[in-house]
Amino acid sequence: MKKLLILCCLMLALPAGLQAADEKIDPSAFICAELVAIASATGQPPLFEGLQIDGYVAAAQGKTIADPAIMAPLLEQVYAACQAKPAEKVVAVWQAARKSQSASAESPWRADKTTCKDYSANEDDGSGFVIWLDGYNRQKSGKPGSVLESNETLKTYLDACSKKPDALMIDVMRESVK
């Protein structure tokens, strides 16, 4: 329960632009040893990386909902599995773990419905969604381009989104990472 509380606090406090350049990963190549090393070095769940991987896996599984409630159990399950298989790709472990989680059918954070206006109305909570959506977009587009490349690319994306309040966030993201 303590881990869940810490993870939820991290999720709410996660600043959208402060960590972009340092923690962007390639979800398709990220291995378990890297995930375990990050958790060991920081003493905290690798939430930033987990959000990217979850978005990537959700897109591969045809799921459009970002469900913050499943992140803590997923991170715990994947971390435990990764300790036993450090050479395994995290995405494979995450896919299996995500299948065992029942995600909510309702969420304000959906790849297919969340608009830039929705994000602007709740930027603090939405910062985690931007990270998740970036992973989702990289899987769906099949391209490595990311709004998380640097603080500048993230700012450019968020500025573009603020100028198109009725646009879907995913559409603005796709335009931003051509």
(message) At 1.4 Å probe size, what's the solvent-accessible area of Ser150? Round to the nearest 10 Å².
(response) 40
(request) With all protein chains present, calculate the accessible area of Phe129 using a 1.4 Å probe and round the result to the nearest 10 Å². (result) 10
(message) Rounding to the nearest 10 and keeping the result within 0 to 90°, find how far the Cα-based axis of helix 32-42 lies from the longest principal axis of the chain.
(response) 80
(request) Select from Val91, Val147, Val36 the residue whose mean-square fluctuation is largest in a Gaussian network model of the chain (Cα-Cα springs shorter than 10 Å). (result) Val36
(message) Please state the shape class of region 79-178: rounded when a/c is under 1.5, otherwise prolate if a/b exceeds b/c and oblate if not, all from the C-alpha gyration tensor.
(response) prolate
(request) Please build a GNM for the chain, connecting alpha carbons under 10 Å apart, and tell me which residue among Ala96, Ala111, Ala58 fluctuates the most. (result) Ala96
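Would you kindly calculate the translational diffusion coefficient of the chain, applying Stokes-Einstein with the Kirkwood radius from alpha carbon pairs, for 10 °C and a viscosity of 1.306 mPa s, and quote it in µm² s⁻¹ without decimals? Write down the numbers at each step before the final one.
Values: Rh = 16.0 Å.
Once the numbers are plugged in, D ends up at 99 µm²/s.
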(request) Sort Tyr157, Tyr79 by accessible area with a 1.4 Å probe, largest first. (result) Tyr79, Tyr157
(message) Rounding to the nearest 10 and keeping the result within 0 to 90°, find how far the Cα-based axis of helix 90-99 lies from the longest principal axis of the chain.
(response) 80
(request) With springs connecting C-alpha atoms under 10 Å apart, model the chain as a Gaussian network and identify which of Asp54, Asp125, Asp134 has the largest mean-square fluctuation. (result) Asp125
(request) Report the label-to-label distance for Asp124 and Gln101 in nanometres (one decimal), using points 7 Å from each Cα along the Cα→Cβ vector. (result) 2.3
(request) Could you name the aspartates and glutamates whose alpha carbon sits less than 12 Å from that of Lys85, not counting residues in the same chain fewer than 8 places away? (result) Glu34
(message) Quick check: the angle from helix 151-162's long axis to the longest principal axis of the chain, C-alpha only, nearest 10 degrees?
(response) 50
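What FRET efficiency comes out for the pair Lys143/Ala84, r = Cβ-Cβ distance, R0 = 22 Å, nearest 0.05? Mind showing how you got there, number by number?
Numbers: r = 32 Å, r/R0 = 1.48.
Calculated value: 0.10.
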(request) Mind grabbing the accessible area of Lys85 for me, 1.4 Å probe, Å², rounded to tens? (result) 120
(request) Under a cut-off of 24 Å between alpha-carbon atoms, report the lysines in cross-link reach of Lys143, not counting same-chain residues fewer than 8 places apart. (result) Lys24, Lys63, Lys89, Lys113, Lys155, Lys164, Lys178
(message) For Arg110, Arg98, give me the order by solvent-accessible area with a 1.4 Å probe, most accessible first, ignoring ligands, DNA and RNA.
(response) Arg110, Arg98
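The values are calculated or read from the model by the stated rules, or taken from the named source; none is laboratory data. All values reported here derive from a predicted model rather than from experimental measurement. FYI the Cβ positions are ideal-geometry reconstructions off the backbone, even for glycines, and counts take in every protein chain you see. Ligands, DNA and RNA are excluded from the accessible area calculation, which covers all protein heavy atoms including side chains. Shrake-Rupley method; radii C 1.70, N 1.55, O 1.52, S 1.80 Å.
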